[in-house]
Amino acid sequence: MGRAGGRVVWALSPAELYQADLLILPGSKHTASDLAWLQAQGLSEAIRAHARQGKPLLGICGGMQMLGQTLQDPLGVEHGGICSRLGLLPIGTVFQPEKIQRRTELRMDGLAGYWKALEGVIIRGYEIHHGQSGLLYQQRGNVLGIYLHGLFENAEVLQRLFGDRGRNLGSVLEGLADLVAEHFMPGYLERLLEPAS
């Protein structure tokens with residue numbers, strides 16, 4: 001379904017989004033203000049254009065909330081009131097004072113289009129959010145929103161979407177530690193962390 005060896009870019013301009021084959025709108029601790037930033041940068045319209053072209057788009061946690069029809073905060077948990085949203089998924093989100101924090105296991109069913117590759121996959125991850133949308137994932141066309149963090153820590157997800165099982169986070173961090181040990185003098189990083197005198 002996907003292809004191995006893709007390039008990941010942290011897009012900061014509409015031009016970078018227009019070139020993308022797949023967009024990922026990551027989680028956010030400040031959903032409303034991050035959504036306002038997307039709009040101020042012209043990125044929200046580029047995200048909508050990407051979806052209109054039928055290209056795959058994934059929103060994770062706060063990213064899923066941004067993709068919905070409504071984003072309400074009647075109790076002022078994050079921003080207060082109602083803010084604009086991308087309107088690409090048929091969901092509404094209401095912020096609640098209690099934060100959901102839990103490990104979650106989820107079986108992906110009823111998917112279509114690009115995301116059909118995940119049909120039947122059991123994903124283990126975690127939720128951490130104030131916003132409540134009533135469901136853990138929602139799809140419309142090639143737009144998928146999911147509350148589960150850790151999606152790309154699942155080797156089967158990587159295999160099915162990109163044709164490559166990838167490296168798990170542990171092996172990436174071990175590689176980073178090896179790189180630091182090879183290229184930094186012993187104690188250098190610890191000295192950087194010491195308070196200035």
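Details
- Search result, residues across region 76-93 that are in a loop (DSSP other than H, G, I, E, B), surrounded by fewer than 20 Cβ atoms within 10 Å (Cβ to Cβ) and modelled with pLDDT of 90 or more: G87, P90
- Among the residues of region 113-140, those that are open to solvent by 20 Å² or more (accessible area, probe 1.4 Å), part of a strand (DSSP E or B) and without any contact (Cβ under 8 Å) to a residue 60 or more places away in the chain comprise I122, R124, Y126, H130, Q132, Q139, R140.
- Any hit, region 146-153, residues being out of contact with any strand residue (DSSP E or B) (no Cβ under 7 Å at 6 or more places or on another chain), surrounded by 14 or more Cβ atoms within 10 Å (Cβ to Cβ), without any contact (Cβ under 8 Å) to a residue 24 or more places away in the chain and within 18 Å of G27 (Cβ to Cβ): yes
- Within region 47-71, if we keep just the residues that are among the charged types (D, E, K, R) and in contact (Cβ under 8 Å) with a residue 40 or more places away in the chain, the residue that is farthest from I100 (Cα to Cα) turns out to be K55.
- The listed residue being at pLDDT 90 or above and closer than 29 Å to L71 by Cα, out of G145, G120: G145
- Scanning region 97-125 for residues that are in contact with a His (Cβ under 6 Å, 6 or more places away or on another chain) and closer than 28 Å to I82 by Cβ gives K99, I100.
- Residues of region 97-112 classified as in a strand (DSSP E or B) and open to solvent by 50 Å² or more (accessible area, probe 1.4 Å), total: 8
- Tabulated pairs, region 1-21, first at pLDDT below 90, second in a loop (DSSP other than H, G, I, E, B) and of a type in the set (D, E), C-beta under 7 angstrom, 6+ apart or interchain: A4/D164
- Region 25-75, subset over 17 Å from the mean Cα position of the chain (by Cα) and under 19 Å from L111 (Cα atoms), residue surrounded by the most Cβ atoms within 10 Å (Cβ to Cβ): G54
The values are calculated or read from the model by the stated rules, or taken from the named source; none is laboratory data. These figures come from a predicted structure and were not determined experimentally. Ideal geometry is used to build each Cβ from the backbone, glycine not excepted, and the neighbour counts take in all protein chains shown. Each accessible area value is taken on the protein alone, full model and side chains, heavy atoms only, with ligands, DNA and RNA left out. Shrake-Rupley method; radii C 1.70, N 1.55, O 1.52, S 1.80 Å.
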